[in-house]
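The values are calculated or read from the model by the stated rules, or taken from the named source; none is laboratory data. Keep in mind that what you see is a predicted model, and the values were worked out from it rather than measured. Cβ atoms come from the backbone with ideal geometry, glycine included; neighbour counts cover every protein chain shown. Calculation scope for accessible area: heavy atoms of the full protein, side chains included, ligands and nucleic acids excluded. Shrake-Rupley method; radii C 1.70, N 1.55, O 1.52, S 1.80 Å.
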Amino acid sequence: MLIDFSVTSTLWPTLCALHSAAAKTNAKSTVVEGITDMKDLKKLFRTKNNVLVLFVSSQKEAHSTLNAFRDAAEIIKGQGTMVLLDCSNGEMKKMCKKLKAQPSPYTLKHYKDGDFHKDYDRQLTATSMANFMRDPTGDLPWEEDPVGVDVVHVPDAVALGKFLKKEVRPILVMFYAPWCGFCKTLKPEFSGAATELKPKYVLAAIDVNRPENSIIRKQYNITGFPTLLYYENGRMKHTFDGENNKAGIVAFMKNPAAPPPTKPKEPDWASEPSSEIVHLGSANFEPALKDEKSALVMFYAPWCGHCKKMKPEYEKAATIMKESKIAGVLAALDATKEQAIAQQFGVRGYPTVKYFSNGQFKFDANVRDADKIVEFMKNPSEPPPPPAPEAPWEEEQNEVVHLNDETFKPFLKKKKHVLVMFYAPWCGHCKRAKPEFGKAAEHFKEDPKVALAAVDCTRHNGVCSAYEVRGYPTLKYFSYLKTVKEYNGGRLEADFIKFLSDPTAPTAEKAAAEPYGDFPGSDKLIIMTDKTADDVLQNEDRVLVMFYAPWCGHCKRMKPDFAEVANLLVQNNVPGKVAAVDCTEHPKTAERFEIQGFPTLKYFVRGKFVKNYEGKRTAQAMFEFIRSNGASTKDEL
């Protein structure tokens, strides 16, 4: 049962205005329409990894589903792509047939990472479609599961407040997160209890993992999942601490003030015999560690599942150390008993493992398996610090103008020449272009008519969608916002300066690309380009592709071996090819496959990416990889 709370009168005019504005735009910015060519659709699948396609045979007959589809597209804007394909005309009928879509009058199919994933099999409502697009591989949302039909599903904080105020019957609310394993286990028990207890009692649930519901977690101090709270007359009276099953919930609701059943006590690790672990407490913590040159201390909680998994590994490591005469001590401390010590050393989760020398804390250690613990104790060394978080580009000091959905058009309307880089912070090619772009912006800083601007498409998806940005970086030239054209020139400071000095000048021909090189087998190697990439991958049964840059030293050393693989495949009559693509000459292919470094080797079977090649870069190793169709020849650590 899903509650539909009415909108207050003060909000209604605002919502009407928003609905009117959405109708005027005909949802162009959210639902992708007008695709009539299979190549365009394939390009979209290559660049978008979460796509839901609505195939219709008649927009009139599919009117209600189409409206829900458009509403869902608004809700998940920036999280997925919604595409409408009208299969009613001749050319589109052929395309729909190729995609095995037979709308009558509609059908929905989901595509993930460029491939067909599944037919949409949930409710035809905007909420259901939006939930699906947020997590297309996840479980059916609880509110849509028939098992939970008697649970009241509350969407947000406002609705929760109204519900608690309005409902006069006793209520038990389960605050949960969809990813939580304990929550998943409890859901059918909670649902069964809701059915048994109706109509005298009400069981409700709310997903507090949603960002908009974070306020609820603060209000009720919810620090773990699931948390079950009991309410009467709008006030919280009790916390459920009974058995996590249907019988326990039913018994609690009938007598919430009764003391909770006694739970079996967790065994005391420190009292277990025959253990090589040194157990610490406030009395012996300093004396036990003071004279130990090398000591590893595990701070744990008896109830902690991860601690329970680590415990046998820790004991096994201690035994191995004793038998192998490896110097050092493995110790453990129950942080729930010795909270002052845990607080002193900043323990905030369990298990936490810290390394000490002669009683002095040195550093944290991230080891939980017996083998890794033993290896660490042989030569204790501090792990390298994590890399500092990268500062947003807009916080760097340079002359690049950073635009968003609100400032984009007003700024461009006033400028004669603007080159805009649409980028993503994680994109390697963007990172390489940024300093050159910044230097070019510095060059034009005194010219009021010229600017270099940037838009972070992970934060300002609206403007990026409006200008059909499908990959990163995408560079476009604007003149008073009226003239818009793609920039396909070089990405060095000089290239940007030359272009903006005279945007109407014809683009100079590129210098001839550096050839792969003359090595034994290079005549049998496929040289792949932006134009031929699709044909090569789709027409060959197995292809190992080397993405390289001519200046890359590792690539140069690897080229002879890679060419030799082509020879070995022919000589041994093995079905398969090797191909190479110069990423400096063919950046679109590099961006499409998210190449971050050189050389990168990717393995394809019948046009589909299978895996990266991570083995040795010798001709024989790469040949064996292709011969085994990408199977590992041995287990690797």
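A compact table of results
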read-out: Solvent-accessible area, 1.4 Å probe, carbon plus sulfur percent, for the stretch 97-140; value: 43
read-out: Accessible-area value, Met236, 1.4 Å probe, nucleic acids and ligands omitted, Å²; value: 90
read-out: Overall dimensions of the stretch 399-490 as given by Cα atoms, namely Rg and Dmax in Å; value: 12.1, 33
read-out: Alpha-carbon centroids, the stretch 539-563 and the stretch 124-202: separation in whole Å; value: 53
read-out: Per-residue ³J(HN,Hα) for the stretch 394-403, Karplus 6.51 cos²θ - 1.76 cosθ + 1.60, θ = phi - 60°, Hz, x for Gly and Pro; value: 5, 8, 6, 7, 7, 9, 6, 8, 9, 10
read-out: Anisotropy class of the chain from Cα gyration tensor, a/c 1.5 cut; value: oblate
read-out: Using θ = phi - 60° and Karplus 6.51 cos²θ - 1.76 cosθ + 1.60, couplings along the stretch 599-614 (whole Hz; Gly, Pro as x); value: x, 10, 10, 10, 10, 10, 10, 6, x, 10, 5, 10, 6, 7, 8, 10
read-out: Two-site FRET efficiency, Lys531 against Thr458, from Cβ-Cβ distance with R₀ of 30 Å, rounded to 0.05; value: 0.55
read-out: Computed E for Ala257/Phe182 - FRET, C-beta separation, R0 25 angstrom, nearest 0.05; value: 0.50
read-out: Reachable lysines, given that their alpha-carbon falls under 17 Å from the alpha-carbon of Lys616 and they are not under 8 places away in the same chain; value: Lys556, Lys559, Lys602, Lys634
read-out: Ile326, Ile76, ranked by accessible area, largest first (probe 1.4 Å); value: Ile326, Ile76
read-out: Computed FRET value (nearest 0.05) for Lys166 with Lys309, which takes r as the C-beta separation and R₀ as 56 Å; value: 0.80
read-out: Full-extension gain in nm, Arg122 to Ser214, via 0.36 nm per residue minus C-alpha separation; value: 30.4 nm
read-out: Greater than 31 Å apart at Cα, pairs in Lys112/Lys354; Lys431/Lys485; Lys42/Lys434; Lys48/Lys577; value: Lys112/Lys354
read-out: Rounded to whole Hz, the Karplus (6.51, -1.76, 1.60) HN-Hα couplings of the stretch 442-449, x for glycine and proline; value: 4, 4, 9, 5, 8, 9, x, 8
read-out: Cα-based shape type of the stretch 270-389, given that a ≥ b ≥ c are square roots of the gyration tensor eigenvalues and the cut on a/c is 1.5; value: rounded
read-out: Euclidean distance of C-alpha centroids, the stretch 358-411 and the stretch 243-261, integer Å; value: 46
read-out: Gained length - Arg557 relative to Thr195, 0.36 nm times residue gap less alpha-carbon distance; value: 123.4 nm
read-out: Heavy-atom surface of the chain, accessible at 1.4 Å and reported per residue (Å²); value: 56
read-out: Extension gain from Lys77 to Asp369, taking 0.36 nm per residue of separation minus the Cα-Cα distance; value: 100.9 nm
read-out: Projected label distance in nm at Lys43 and Glu276, using a 7 Å step from Cα toward the beta-carbon; value: 6.4
read-out: Taking the chain and dividing mean pair separation by its residue count, relative contact order in percent (alpha carbons under 8 Å, at least six apart); value: 8
read-out: Expected 222 nm ellipticity per residue - DSSP helices of 4 or more, -39500 (n - 2.57), all of the chain, to 500; value: -10000 deg cm²/dmol
read-out: The stretch 419-482: trypsin sites (Lys or Arg not before Pro) falling in loop per DSSP and having at most 10 other Cβ within 10 Å; value: Lys482
read-out: Inter-site label distance for Asn245 and Glu395 at 7 Å from Cα along Cβ, in nm; value: 5.2
read-out: Highest average packing first - 238-244, 328-334, Cβ atoms within 10 Å; value: 328-334, 238-244
read-out: Relative contact order of the stretch 370-489, pairs being alpha-carbon contacts under 8 Å that are 6 or more residues apart, as %; value: 33
read-out: Computed label-point distance, nm, for sites His63 and Lys94 using a 7 Å Cα→Cβ extension; value: 3.3
